[in-house]
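Asks: Attaching a single structure in structure tokens format; questions to follow.
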Amino acid sequence: MTHPNWAALTEDDTQPWETLDSRQLVSGFRTVFEDRVRLPNGAETTYQYRPRGPRAVFVLPVTAQGEAVLIRQYRYPLRATVTEVVAGGVERGEDLLAAAQRELLEEVGGAASEWVPLPGFYPQPSISGVIFYPFLALGVTLGDMHHEDTETIERLVVPLAEAYRRLDAGEVLDGSSSLTMWHARAVLAGRGLL
């Protein structure tokens, strides 16, 4: 199950920048490289970035009653709790839909009867090769949550109209969650849910 644009989230066949030297600055989960590159005009510069490879899924869960299931999650770098959709990293070798199903169960105790893939996107293309794959989960039923020990999450169930009021009012401050909701809006409206 994929969205048509997912196939386009690949490297270009030809690269206008020439890599002269590359070194790894940070290893582990969030690898960072520093490359010395030559641009088409001959100028040389140093570029720090996260390489292509890591992936994450984002899920807007919607119950059969027409409620959005959002989360309020504490984000340490911000020192703030923010409203988001369900999201998480894709494990090595894991199918994208399986990752979305796993995250839905872990973060809000949810299971969906229908999944709709939404357009994928690069969240920070100037510094990261990470790719995000969003889904709309419909017919969601809720049960017990299974948070990771490192997560501080509150489940927030609101009518779809209220979720989109929050989005339009700028109250969903996470950019990837906002874009997931934005892409889901047309599907929800087309089904008469918004």
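Asks: So how do 88-99, 1-12, 50-61 stack up, highest first, on mean other-Cβ count within 10 Å? The partial results should precede the final answer.
Replies: Details: 88-99: 14.2, 1-12: 11.2, 50-61: 20.8.
Packing order, densest peptide first, comes out as 50-61, 88-99, 1-12.
Asks: Further question on the same structure: Separation of region 103-139 and region 3-66 by C-alpha centroid, Å?
Replies: Between the Cα centre of region 103-139 and that of region 3-66, the gap is 18 Å.
Asks: For the peptides 166-176, 127-137, what is the packing order when you average, over each peptide's residues, the other Cβ atoms within 10 Å and list the highest mean first?
Replies: Final packing ranking: 127-137, 166-176.
Asks: Between Gln124 and Thr19, what is 0.36 nm times their sequence separation minus the Cα-Cα distance? Round to one decimal in nm. Provide the component values of the computation, followed by the final result.
Replies: Working: separation 105, 0.36 × 105 = 37.80 nm, distance 2.05 nm.
Additional length available on full extension: 35.8 nm.
Asks: Please work out the C-alpha center-to-center distance from region 145-194 to region 81-95 and express it in whole Å.
Replies: Each part reduced to its Cα centre gives a spacing of 14 Å.
Asks: Report the charge-dipole magnitude of the chain in Debye, nearest 20, computed about the Cα centre from +1 at each Lys and Arg Cβ and -1 at each Asp and Glu Cβ.
Replies: Numbers: 17 positive and 26 negative charges, 65 e Å.
In debye, rounded to 20, the chain gives about 320.
Asks: With both bridge residues required to lie in region 43-180, what share of the DSSP beta bridges run antiparallel, to the nearest 5%? If you can, show how the numbers build up before the last one.
Replies: Values: 24 of 34 bridges.
Percentage antiparallel, nearest 5: 70.
Asks: Rolling a 1.4 Å sphere over the protein heavy atoms, what is the accessible area per residue of region 1-68, to the nearest Å²? Spell out each step's value before the answer.
Replies: Details: 4560 Å² over 68 residues.
Solvent-accessible surface per residue comes out at 67 Å².
Asks: I would also like to ask the following. Of all accessible surface on the chain at a 1.4 Å probe, what whole percent is carbon and sulfur?
Replies: 51 percent
Asks: Next question, about the same structure. How would you classify region 3-61 from its alpha-carbon gyration tensor, with a ≥ b ≥ c the square roots of the eigenvalues: rounded for a/c under 1.5, else prolate if a/b is greater than b/c, otherwise oblate?
Replies: Values: a/c = 3.39, a/b = 1.48, b/c = 2.29.
Here region 3-61 falls in the oblate category.
Asks: Helices from the chain with mean Kyte-Doolittle at least -1.0 and a Cα length along the axis of 15 Å or more, per DSSP H: which? Write down the numbers at each step before the final one.
Replies: On the way: long enough: 96-108 (18 Å, 0.48); 175-190 (24 Å, 0.41).
Helices meeting the criterion: 96-108, 175-190.
Asks: Determine the gain in length on full extension of the stretch Phe29-Thr45; use 0.36 nm per residue of separation and subtract their C-alpha separation, reporting nm with one decimal. The partial results should precede the final answer.
Replies: Values: separation 16, 0.36 × 16 = 5.76 nm, distance 2.59 nm.
Result for the pair: 3.2 nm of gain on full extension.
The values are calculated or read from the model by the stated rules, or taken from the named source; none is laboratory data. Not measured: the values here are computed from a predicted model. Cβ sites come from the backbone with ideal geometry, for glycine too, and all protein chains shown count toward neighbours. Only protein heavy atoms, including side chains, enter the accessible area calculation; ligands, DNA and RNA are left aside. Shrake-Rupley method; radii C 1.70, N 1.55, O 1.52, S 1.80 Å.
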